[in-house]
Amino acid sequence: HAKMEGRSRYAVFHSAMHDRARHRLQIETDLRRGVERNEFFVVYQPIVELNTQQTVGFEALLRWRHPHRGIISPTEFIDVAEETGLIVPIGQMVLREACRQLSEWRQRHPARTITMHINLSPRQIADPHLVDDTIALLNAYHLDAGSLHLEITETAIIEHGDIASRALMHLRSLGAQICIDDFGAGYSSLSYLHRFPIGTIKIDRSFISQIHHSHENAEIVRTIIALAHSLGMTVIAEGAETEEQLARLRSMSCPYGQGWLFARALEPAAATALLDAA
Ligand code: C2E
Ligand code: MG
Ligand code: MG
Ligand code: MG
């Protein structure tokens, strides 16, 4: 009986692994076809100044219009895209499209400062074409490099120390801003990250969502803001969903925020309407 049980447990385990492998393979196949057929597009989530609630910029967020599954968030495919390297062509599209959109908004609202935040995965930062691609886009769309904010995670910096550091230095020297995404979710310290040319810290959503439920989290947020300021960095709070969170963040002198309280990620036309109305 024991032998039977062992075997059937193995069979269940094996079949779960098999399902997972098949699911990944399916995503990979679909991703390749998606790249060929241009199934990816970009939506834009406003970044607001907390005191005035003015939109000062947007984060470009990738979406996939899957032919059978509908619109899919990157959390469901970014790992596979990263492992297969497909994130490189997909990311190039995001960079190009976000620059094109920014130049359109700049022409529409020449007197306003509008920043564009673009996420870069570790594989993209290691891509030798990244710097040249970025220069070409800045020129083609007559953009001020300073309006481009490139978001990378602390994990990417730690895992790809040398390559990441060289690419970031180069991008920074062009004038682009470097932003640490999901700060606090990894294991790095601000003093370690201070060696890199970082202008902005985005505090991970998990801390903001717990700001009223956990005294420790609130203190961590307060400390990150104070330390970032003393290091000459600015701060964006991610994932603000409630008025209470907003009030607390303002009381901590957090300058910028992003979250469903202000707006979800918007289709280009809706983001344009928001800019026009402000
Ligand atoms: P992220 O860069 O940290 O982006 C913020 C995520 O939080 C977005 O999810 C956004 O829709 C979501 N979010 C914003 N405000 C709120 C809120 O108030 N509450 C909650 N619960 N969520 C909120 P999204 O668009 O699904 O993207 C997930 C992640 O995928 C991103 O996290 C980023 O790491 C990655 N990603 C997105 N676009 C790109 C891209 O173009 N390239 C690369 N390499 N990665 C991307
Ligand atoms: Mg981001
Ligand atoms: Mg983030
Ligand atoms: Mg994230």
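Counting each pair of different Cα atoms once, what's the Kirkwood radius of region 126-278 in Å, rounded to one decimal?
About 16.8 Å for region 126-278.
For the chain, with every protein chain kept in place, what is the accessible area per residue (1.4 Å probe, Å²)?
Per-residue value: 51 Å².
Please identify the longest segment of the chain free of exposed trypsin sites (Lys or Arg not before Pro), where exposed means a DSSP state other than H, G, I, E or B and no more than 14 other Cβ atoms within 10 Å.
So the longest stretch without any such site is 113-194.
Tell me the Kirkwood hydrodynamic radius of region 21-100 in angstroms, computed as one over the mean inverse distance between distinct C-alpha pairs.
The Cα-based Kirkwood calculation yields 13.7 Å.
Over region 21-169, calculate the relative contact order: mean separation of alpha carbon pairs under 8 Å at least 6 apart, over the residue count, as a percent.
Once divided by the residue count of region 21-169, the mean separation gives 20 percent.
Keeping the other protein chains in place, figure out the carbon and sulfur percent of the accessible area of the chain, with a 1.4 Å probe.
Carbon plus sulfur share of accessible area: 53 percent.
In percent, how large is the relative contact order of region 185-235, given Cα pairs closer than 8 Å and 6 or more residues apart?
Relative contact order of region 185-235: 41 percent.
Below 8 Å, C-alpha to C-alpha, sequence gap of six or more: please give me the relative contact order for the chain in percent.
About 18 percent, as a whole number.
Please identify every one of the GluC sites (Glu not before Pro) in region 1-105 that sits in a loop by DSSP and has no more than 13 other beta carbons within 10 Å of its own beta carbon.
Counting only loop positions with at most 13 other Cβ atoms within 10 Å, none of the GluC sites (Glu not before Pro) in region 1-105 qualifies.
Restricting the count to DSSP beta bridges whose residues both fall in region 153-247, what percent are antiparallel, rounded to a multiple of 5?
0 percent
For the chain, what is the calculated [θ] at 222 nm in deg cm²/dmol (nearest 500), taking -39500 (n - 2.57) for each run of four or more DSSP H residues and dividing by its residue count?
Value at 222 nm, helices only, nearest 500: -16000 deg cm²/dmol.
Anyone know which of GLN54, GLN92, GLN26 comes out most mobile in the 10 Å Cα GNM of the chain?
Largest GNM mean-square fluctuation: GLN26.
Which values, in whole Å and largest first, are the semi-axes of the equivalent ellipsoid of region 184-249 obtained as the square root of 5 times each eigenvalue of the Cα gyration tensor?
21, 12, 10
Using only the Cα atoms of region 78-119, what do you get for the radius of gyration and for Dmax, in Å?
13.6, 42
The values are calculated or read from the model by the stated rules, or taken from the named source; none is laboratory data. Everything numeric here is computed off the predicted structure, so don't read it as measured data. We place every Cβ from the backbone using ideal geometry, glycine too, and count neighbours over all the protein chains shown. In case anyone asks, the SASA skips ligands and DNA or RNA and just uses the protein heavy atoms, side chains included. Shrake-Rupley method; radii C 1.70, N 1.55, O 1.52, S 1.80 Å.
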